[in-house]
Amino acid sequence: MRSILRSTIGKITIVVLALWWFGLSDAVDHGYWNLRYKMVRNPAPHDIVVIPLDDLKEYGNAEEAAVLVNLRRMMPREVLFDVKVKTGADHDGDTALAQALRSFSDDLTFVVRSERLDNFPASSFHFPPQEIIGNARIAVSAWKTNFLANAISTPTSVTIDGRDYPTVSAQLAHSAKVRSGLIYPDFSIDPSTIPLISARSLLDGKVPAEAIAGRTVIITAQGSAPNVGYFGSNVTSQVPLDVAGAAALRKPFSVNLTDFPLLVLTLFALTLISRRSLYRLKIPAYISVVAIVFFAPAMLRGYGIVSSPDISICALLIFGGLRLWHKRTRRIQHTNVSGLPNLLAFSTTDLGVGRDVVVAVIARYEEMLATLPAELHGEYARQIARRISIGTGTEEIYQGDSGHFVWSEEARPLEVQSSHLEGLRALFSAPLQIGLHTFDTNIHFGLDRNEGLDTLTRVNSALVSANEALANGRVVELFEAHRLAEAPWELSLHARIDEGLRNGDIWLAFQPQWCFRNQRIYGAEALIRWDHPTRGPITPDAFILQAERAGRIDSLTYWVLEEAITAAMTINALGERFQMSVTLSAQMVDKADLVSRFSEIVARRGFDPSLLTIEVTETSSVRNRPAACHNLTLLRGMGFRLSIDDFGTGEASLAYLADLPSDELKLDRRFVSRIVSSQRDRAIVSSTISLAHALGQAVVAEGIEDAATFSLLHDLGCDSGQGYYLGRPQSFAAFRTVYEESLRQRRASQL
Ligand code: C2E
Ligand code: MG
């Protein structure tokens, strides 16, 4: 039951029943029948003629009596006297009318119309005085209407004060055929075709006898009852309705099947249309639903069977609207070329609990597309999706841009999930055959396990990881939850660095460098610091990488350079030659404007480039090695000193040493810190020092933390050193104090 209610047809049923219940579908009903009877117009039956009294300029009971007397002579079959009779004003007229009426004996029926529509209490009928009616029959008129006062039905009889009176339509149709119940007028009868006879001509004796003889005559006067709407025509008096009602009773049936049989048939046909498996029946079902909804009601009504299509039309309209809407969303949610659902479609799905989001990326996808004719692009994507589908048992595989495919997997332990994806990768070891083209497929996966986040975020996370897996040559890369928390920080790093520089949260620390030969501080390394107001101190290792990713490293480096030069100039002014070291990011070494920027800065500041040591590190991540070598050669040629930082750690250190013009090697602290305890590390450091000296390089040892290491390095012939033992990175003011103190002591000792 619940599944029926959830289905599209179930929902449509509920909506149309609500529309029906609140009467909102009546407007559709009104429109339908109005249109129907505008199209079909039949002539009125000839055996009923109407004599309106209104063409007599003035008339009272005497004139009415005269009309009746003339009529009687012409032998009508029966007369319906549909006039509100007032007595007392003209005694002779009253008597004449009473006599004329009585002269018809059984062939005259008095018409009494309810003053109201829709509900007919006894008080809404005004019977003429008994002396007028005499023994004449009485027929009543009582019409039910819709919300626009269009007539709908009349009963066959109405009970007033315990007596049953036939309605006018029933009377006109002749009682033998009348079934009890409601009469639904035949609106196909055009009211303008009801034969009219002028009362004036009748009184003047100008009406031929055959126009009246054997016919039913309705004598009528305006204003006897409220006007009503007549489907397909203008608002009329109730007389045409009486005629249409009588015509309906001449049909084989007079029943109202209600709206529901049509609705059931419509819903059944719509169910067939919406079943994918029955797509062959779609066209017959469409034809039948249109027939059911638009033609069946009109046809049935021709036999006197009433069944309104309003709620069926509503059902059809809602169904059509939903179809269009689905078509539109389908178009938006599917990739044009392959017809596969796209990421938008995936992001609108409800993943539920316990699901991982997986993004697969195909290496060199665009290149493969470039070698394929355009008409095979879709096939290529579909084959990949099919293979993923086979490997994962997932039906829907969604396609993103640039060879990305997305789906969700049941969340399993990470190792299980990874080996599952490795299995899927193995499935791709067999090449794909697209037309005459054969492709090897190199597939990588990004995994998001951050359940509870919205699907779009998860897809994006998995996308990032898939791209990383591709870049790092790994099968699977997991998107760690903490990265999401970091994302807003990373993405606004640009602005935050500017803010940090502006308000002094970013500053330069200086770590003293010691010369073993001269036994003094000969220089310092400038190291960047960031004391963030909310995140606390951020190590350069943490934010330099982010700054590089955010494309912010250039401005940061030039800021460091300016600050370091300011500091170096201040210290140099104290009298002794002082060497300042700055670090150059690997991202910048190969930049085209590097040399011009450096030379511009030193020239502007009037600073001797030989007092500045440029430390170059992370040699393996330099993108354009020849450009980097060229830049560094130029810088060295201008007088800058070059230092190879972290020597001994990068895989290309030795090659770098061979290629690069440099003045100094900085021994990485991982070797330095162990030379006292490890014979091997001592051997490495010792031979590196020899190697550097052989190549004309000075050697700086990093990370000297104790006296033993310090003196051992001295013994090994190291040129200079740096480390916590000799001085921590510190603010310029602190550094200056220390430096001035050592200078003073040295000067004092020289005296
Ligand atoms: P690095 O150039 O190798 O810097 C030396 C690092 O070792 C510094 O860490 C320093 O504080 C630390 N250090 C110095 N003496 C000792 C010691 O005795 N023991 C130990 N355990 N550590 C010692 P810091 O300041 O955190 O800098 C880390 C890295 O950040 C630097 O490595 C450098 O690669 C980068 N960096 C620092 N400032 C800048 C800068 O202005 N620009 C660029 N591009 N990178 C920078
Ligand atoms: Mg350094």
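The values are calculated or read from the model by the stated rules, or taken from the named source; none is laboratory data. Nothing here was measured: the structure is a model prediction, and the numbers come from that model. Neighbour counts are summed over all protein chains in view; Cβ atoms, including those assigned to glycine, are modelled from backbone coordinates with ideal geometry.
Quick check on His494: is it modelled with pLDDT under 90, within 35 Å of the chain's Cα centre (by Cα) and over 30 Å from Asp356 (Cα atoms)?
On the way: modelled with pLDDT under 90: yes; within 35 Å of the chain's Cα centre (by Cα): yes; over 30 Å from Asp356 (Cα atoms): yes.
Answer is yes for this residue.
If you go through region 587-624 and keep only what is buried (at least 17 other Cβ atoms within 10 Å of the Cβ) and either in contact (Cβ under 8 Å) with a residue 60 or more places away in the chain or away from ligand 1 (no atom under 16 Å from the Cβ) (or both), you end up with Val595, Val602, Phe607, Pro609, Leu611, Thr613, Glu615. Screening Ala142, Ala173 for residues that are surrounded by 18 or more Cβ atoms within 10 Å (Cβ to Cβ), modelled with pLDDT under 90, outside the structural domain of Ser307 (by TED's automatic domain parsing) and over 21 Å from Val69 (Cα atoms) leaves exactly one candidate, Ala173.
From the list Val676, Val672, which one is aliphatic (A, V, I, L, M), within 16 Å of ligand 1 (Cβ to nearest atom), surrounded by fewer than 18 Cβ atoms within 10 Å (Cβ to Cβ) and touching a residue at least 24 places away in the same chain (Cβ under 8 Å)? Can you show your working first?
Working: Val672 fails: surrounded by fewer than 18 Cβ atoms within 10 Å (Cβ to Cβ).
Unique residue meeting the criteria: Val676.
Residues in region 639-682 that are among the charged types (D, E, K, R) and more than 16 Å from ligand 2 (Cβ to nearest atom): Glu651, Asp659, Arg674, Arg680, Asp681, Arg682. Among the residues making up region 426-458, a single one is within 27 Å of the chain's Cα centre (by Cα), over 18 Å from Glu415 (Cα atoms) and crowded, with 22+ Cβ neighbours inside 10 Å: Arg458. Residues that are assigned to a helix (DSSP H, G or I) and among the hydrophobic types (A, V, I, L, M, F, W, C) within region 663-683 comprise Phe671, Val672, Ala683, listed in sequence order. Among all positions in region 645-652, there is no residue which is away from ligand 1 (no atom under 15 Å from the Cβ), outside any loop (DSSP other than H, G, I, E, B) and in contact (Cβ under 8 Å) with a residue 12 or more places away in the chain. Taking region 695-727 as the range and being surrounded by fewer than 13 Cβ atoms within 10 Å (Cβ to Cβ) and of a type in the set (D, E, K, R) as the test, only Asp715 passes.
Taking the criterion of being assigned to a loop (DSSP other than H, G, I, E, B) and small (Gly, Ala, Ser), would at least one residue in region 438-446 satisfy it? Don't jump to the end; show me each part of the working.
Kept after step one, since they are assigned to a loop (DSSP other than H, G, I, E, B), are these residues of region 438-446: 440-442.
Okay, now just the ones that are also small (Gly, Ala, Ser), so none.
Within region 438-446, none of the residues are assigned to a loop (DSSP other than H, G, I, E, B) and small (Gly, Ala, Ser).
Determine whether Glu477 is of a type in the set (Asp, Glu), away from ligand 2 (no atom under 16 Å from the Cβ) and not assigned by TED's automatic domain parsing to the domain that holds His420. So Glu477 does not fit the description; no. For the structure I just gave you, tell me whether Ile704 is more than 16 Å from ligand 2 (Cβ to nearest atom) and closer than 24 Å to Val616 by Cα. No, not satisfied. Filtered by the rule that a residue be within 16 Å of ligand 2 (Cβ to nearest atom) and without any contact (Cβ under 8 Å) to a residue 60 or more places away in the chain, region 548-579 gives Glu548, Ile553, Leu556, Thr557, Val560, Leu561, Glu563, Ala564, Ala568.
Out of region 298-332, which residues are under 20 Å from Phe187 (Cβ atoms) and among the aromatic types (Phe, Trp, Tyr)? Scanning region 298-332 gives a single hit, Tyr303. Taking the criterion of being near ligand 1 (Cβ under 7 Å from one of its atoms) and either charged (D, E, K, R) or surrounded by 14 or more Cβ atoms within 10 Å (Cβ to Cβ) (or both), the residues of region 530-546 that qualify are Pro540, Asp541, Ile544.
Among the helices (runs of 4 or more DSSP H) contained in region 290-393, which hold 2 or more residues that are closer than 30 Å to Trp20 by Cα and not assigned by TED's automatic domain parsing to the domain that holds Leu421?
Numbers: elements: 296-302, 310-332, 343-347, 365-371, 377-392.
So the answer is 296-302, 310-332.
Taking each residue of region 717-733 that is within 23 Å of Trp530 (Cα to Cα) and more than 9 Å from ligand 1 (Cβ to nearest atom) and looking for partners that are in a strand (DSSP E or B) and among the small types (Gly, Ala, Ser) with beta-carbon atoms closer than 7 Å, six or more apart or interchain, yields Gln730/Ala509; Ser731/Ala509.
Determine if region 617-633 includes at least one residue that is assigned by TED's automatic domain parsing to the domain that holds Arg520 and more than 56 Å from the chain's Cα centre (by Cα). Spell out how you get there, then give the answer.
Step one: list which residues in region 617-633 are assigned by TED's automatic domain parsing to the domain that holds Arg520, which gives 617-633.
Next cut, more than 56 Å from the chain's Cα centre (by Cα) only: 633.
Yes; the residues of region 617-633 include at least one that is assigned by TED's automatic domain parsing to the domain that holds Arg520 and more than 56 Å from the chain's Cα centre (by Cα).
Criterion applied to His30, His46 was being under 37 Å from the mean Cα position of the chain (by Cα) and either outside the structural domain of Ile273 (by TED's automatic domain parsing) or crowded, with 20+ Cβ neighbours inside 10 Å (or both), and the one residue passing it is His30. Among the residues of region 720-737, those identified as more than 16 Å from ligand 2 (Cβ to nearest atom) and either modelled with pLDDT under 95 or not in a helix (DSSP H, G or I) (or both) are Tyr725, Ser731. Across region 374-404, the qualifying residues are those that are out of contact with any helix residue (DSSP H, G or I) (no Cβ under 6 Å at 6 or more places or on another chain) and within 18 Å of Thr348 (Cα to Cα), and the one among them that is surrounded by the most Cβ atoms within 10 Å (Cβ to Cβ) is His404.
At least 1 residues being touching a residue at least 24 places away in the same chain (Cβ under 8 Å) is the threshold, and among the helices (runs of 4 or more DSSP H) wholly inside region 2-61 those reaching it are 8-21, 26-39.
The rows are residues; the columns are (1) more than 16 Å from ligand 2 (Cβ to nearest atom); (2) of a type in the set (Asp, Glu); (3) touching a Leu at 6+ places or on another chain (Cβ under 8 Å).
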residue: Arg425; (1), (2), (3): yes, no, no
residue: Leu447; (1), (2), (3): yes, no, yes
residue: Glu486; (1), (2), (3): yes, yes, no
residue: His494; (1), (2), (3): yes, no, no
residue: Gly504; (1), (2), (3): yes, no, no
residue: Ala509; (1), (2), (3): no, no, yes
residue: Trp514; (1), (2), (3): no, no, yes
residue: Gly523; (1), (2), (3): no, no, no
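Taking the stated definitions as given, is Leu667 touching a strand residue (DSSP E or B) at 6+ places or on another chain (Cβ under 6 Å) and at negative phi? In short, yes. Confirm whether Val672 is under 23 Å from Glu705 (Cβ atoms) and touching a Phe, Trp or Tyr at 6+ places or on another chain (Cβ under 7 Å). No; evaluated as a whole, the condition is false for this residue.
The single residue among Trp489, Trp514 that is under 20 Å from Gly717 (Cβ atoms) and either within 32 Å of the chain's Cα centre (by Cα) or not in a loop (DSSP other than H, G, I, E, B) (or both) turns out to be Trp514. Taking region 248-303 as the range and being closer than 20 Å to Thr8 by Cα, small (Gly, Ala, Ser) and touching a residue at least 40 places away in the same chain (Cβ under 8 Å) as the test, only Ser274 passes.
With (1) touching a helix residue (DSSP H, G or I) at 6+ places or on another chain (Cβ under 8 Å); (2) surrounded by fewer than 18 Cβ atoms within 10 Å (Cβ to Cβ); (3) under 30 Å from Ala733 (Cα atoms) as the list, and Ile506 as the residue in question, which single condition is left unmet? Unmet condition: (2).
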